[in-house]
Amino acid sequence: MARDERRDGDTPDPRATPQATWGGRFEEPLDAVALRYSASVDVDKRLAPEDIRGSLAHVRMLASRGVVSEAEADTIAKGLETIAVEVAEGSFVWDAAREDVHMNIEATLTERVGPVGGKLHTARSRNDQVATDMRLWTREACRATAARIDRFLAVLAVRAANTVDVLLPGYTHLQRAQPVRLAHHLLAWAEMLDRDRGRLLDAARRMNESPLGCAALASTTFPLDREMSARALGFDRPMRNSLDAVGDRDFLVEAVAALANCAVHLSRISEELVLWSTQEFGFVTMSDAYTTGSSIMPQKKNPDMAELARGKTGRVVGDLVNLLVMLKGLPLAYNRDMQEDKAPVFDAFDTVDDTLDVLRGALATARFDAARMRAALRDGFADATEVADWLAARGVPFREAHHVTGRLVGRCVAEGKVLSELPLDAFRAEHEAFDESIYAALDLETAVERRDLPGGPAKARVRAAIAELRERLDARGVDTDAVAAADGASSEGGA
Ligand code: ARG
């Protein structure tokens, strides 16, 4: 089948192409394949609310400067508002032949209000229009994702509160290393994600400048009030340089880079959940609502949501690379390449938002197995550092203490024992400084409690860290308990 035939169904009618809009220069309609190739409305119609907001701010400003009359501005604004309602209701009819969101809205407006609709685009280009739309959309998206991260943190704060007494091995190189509190581990995740939140809000702040009035590239001859339209859209100020305003998308790179970082964090959390739900670890059981079975192996309960979260990270990192490569090598100012910015930006936000939601629910309802964690601690020589520290605290140089302890561990391995099962003689055979008090030092609870520094896992430190996180959330207007309860997590009860 010929390519054109196969595509017939979704190829817009070239007779309706925007060539008419380009005016006298064009005699032939756009080639059908070229039209399909360049039309972006399927993707950028998502910008319709921002596009209309931008147009309203622009036309009001034009009226204030006498570029259009107040009556004309009223007519245009009314038309735009009815379109906004239809867009919100989903009844607005999009036409791929009209290329993009901007021309769809403007053409429909003019159909409805007559030729005066054509005045909306005075002193404006789609170049400053689309840059404005994207800044508005992405600013809001950054704030919304930041709020989602806050909800994730609320669940972590509550899960941490009910796992303060649960000890598990902390790992380095994925080898059992030293005992920590599960709450301490969950709070580490919270810190990682809170920085992502900060990066998103930083990006939102920096992008909060208005390109409107920069027109195609060199501003315009009309006496615009750029401050007025900037303020109307909640921007801090008009952008300082017209070429830059229409010719860069670094603000999108910044936002998507923050999302990629966040996705990588969520992926690492997911990897731990996947590991912890293996029979080998057995540290966590995810609720049925977030796991699936196997069609052939009845015993299976697979942590698919965590695996998918890990897998979807590739998309978000890809979205970032997509944007960077698209921009690389573009001369100033606007180039049509930039139309390709939307799909990766939307995809990155959608993917991270969904991942935050699904993992938040999975974590809220996961059951942690304190006994399995403790068993892993017992078998893992997580108390070896205690022995070395015990000697070092009694004046033995740490390097020597380390060596002595290593020999004790070797002996345990050979005899199938753990350190606390060695008789005092065995300790003393390696170093004469050992006495009975070594056994108290080997107690895991004691080991954790002695790590009583800011940032450490001692109980008081962890409780303080939870309280501090809750205060942070409180200051942001997040009701931690309400959010966590809605997800089925409560601060009452055990792990
Ligand atoms: N759909 C276009 C985009 O997203 C709008 C700007 C088009 N500008 C132009 N000069 N063709 O980039």
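Label region 228-335 by shape, choosing from rounded, prolate and oblate, from the square roots a ≥ b ≥ c of the eigenvalues of the Cα gyration tensor; if a/c is under 1.5 it is rounded, and otherwise prolate applies when a/b is larger than b/c, oblate when it is not. Please report the intermediate quantities before stating the final value.
On the way: a/c = 4.04, a/b = 2.82, b/c = 1.43.
It comes out prolate by the Cα gyration axes.
What lysines sit close enough to K45 to cross-link, taking a C-alpha to C-alpha distance under 29 Å and skipping anything fewer than 8 places away on the same chain?
K78, K119, K312, K328, K342
When 1/r is averaged over all different Cα pairs and the result inverted, which Kirkwood radius in Å belongs to the chain? Don't skip to the answer; put the middle values down first.
Numbers: mean 1/r = 0.0372 Å⁻¹.
It works out to 26.9 Å.
Over the chain, with every protein chain in place, what whole percent of the accessible area is carbon and sulfur at 1.4 Å, could you tell me?
51
Compute the whole-percent fraction of alpha carbon pairs in region 142-182 spaced more than 15 Å apart.
Numbers: 475 of 820 pairs.
Of all Cα-Cα distances in region 142-182, 58 percent exceed 15 Å.
Could you work out the relative contact order of the chain, using alpha carbon pairs under 8 angstrom and six or more residues apart, expressed as a whole percent?
On the way: 727 pairs, mean separation 84.5, N = 495.
It rounds to 17 percent for the chain.
Assign one of three labels to region 199-253, namely rounded, prolate or oblate, based on the Cα gyration tensor with a ≥ b ≥ c the square roots of its eigenvalues; rounded applies when a/c is under 1.5, prolate when it is not and a/b is larger than b/c, and oblate otherwise.
Oblate shape, in that a/c is at least 1.5 and b/c is the bigger or equal ratio.
Starting from the residue with the highest accessible area, list R470, R46 in decreasing order, probe 1.4 Å. Don't skip to the answer; put the middle values down first.
Numbers: R470 75, R46 95 Å².
The most accessible residue leads, giving R46, R470.
Assign one of three labels to region 371-420, namely rounded, prolate or oblate, based on the Cα gyration tensor with a ≥ b ≥ c the square roots of its eigenvalues; rounded applies when a/c is under 1.5, prolate when it is not and a/b is larger than b/c, and oblate otherwise. Walk me through the intermediate numbers first.
Numbers: a/c = 3.43, a/b = 1.68, b/c = 2.05.
In terms of gyration-tensor shape, oblate.
Given a 1.4 Å probe and the protein chains all in place, what does the accessible area of T221 round to, in Å² to the nearest 10?
130
Just want the answer: with Cβ charges of +1 for Lys and Arg and -1 for Asp and Glu, which residue in F251, L167, W189 is farthest toward the dipole's positive end in region 148-273?
Positive-most Cα among the choices belongs to L167.
With a 1.4 Å probe and every protein chain left in place, tell me how much accessible area R315 has, in Å² to the nearest 10.
Estimated to the nearest 10 Å², R315 gives 110 Å².
For the chain, what is the accessible area per residue in Å² when the probe is 1.4 Å? Walk me through the numbers on the way to the answer.
On the way: 23040 Å² over 495 residues.
Result: 47 Å² of accessible area for each residue.
Can you give the relative contact order of region 161-298 as a percent, counting alpha carbon pairs under 8 Å and 6+ residues apart? Spell out each step's value before the answer.
Values: 118 pairs, mean separation 25.1, N = 138.
Averaging sequence separation for qualifying contacts and normalising by length gives 18 percent for region 161-298.
Leaving ligands, DNA and RNA out of it, work out the accessible area of V478 with a 1.4 Å probe and give it in Å² to the nearest 10.
For V478, the solvent-accessible surface is approximately 20 Å².
So what is the orientation-averaged projected area of region 358-495, using the convex hull of its C-alpha atoms, in nm²? All intermediate terms of the calculation are to be shown ahead of the outcome.
Numbers: hull surface 44.0 nm².
The number I arrive at for region 358-495 is 11.0 nm².
For the full complex of protein chains and a 1.4 angstrom probe, list H431, H402, H173, H58 by accessible area with the highest value first.
Result, largest first: H173, H402, H431, H58.
For the full complex of protein chains and a 1.4 angstrom probe, list E106, E436, E28 by accessible area with the highest value first. Before the final figure, lay out each step's value.
On the way: E106 45, E436 120, E28 140 Å².
Of E106, E436, E28, the descending order of accessible area is E28, E436, E106.
Determine the calculated [θ] at 222 nm for the chain from helices alone, applying -39500 (n - 2.57) to every DSSP H run no shorter than 4 residues and normalising by the residue count; nearest 500 deg cm²/dmol.
Details: 22 runs with 300 residues, N = 495.
So the calculated ellipticity at 222 nm is -19500 deg cm²/dmol.
Quick one: which of 72-81, 354-363 comes out on top by average Cβ neighbours within 10 Å, and what's the full order, highest first?
Numbers: 72-81: 19.0, 354-363: 20.9.
Descending packing order for the listed peptides: 354-363, 72-81.
The values are calculated or read from the model by the stated rules, or taken from the named source; none is laboratory data. These numbers come from a predicted model, not from an experiment. Neighbour counts are summed over all protein chains in view; Cβ atoms, including those assigned to glycine, are modelled from backbone coordinates with ideal geometry. For the accessible areas, the whole protein counts, side chains as well, though only heavy atoms, and no ligand, DNA or RNA atoms are used. Shrake-Rupley method; radii C 1.70, N 1.55, O 1.52, S 1.80 Å.
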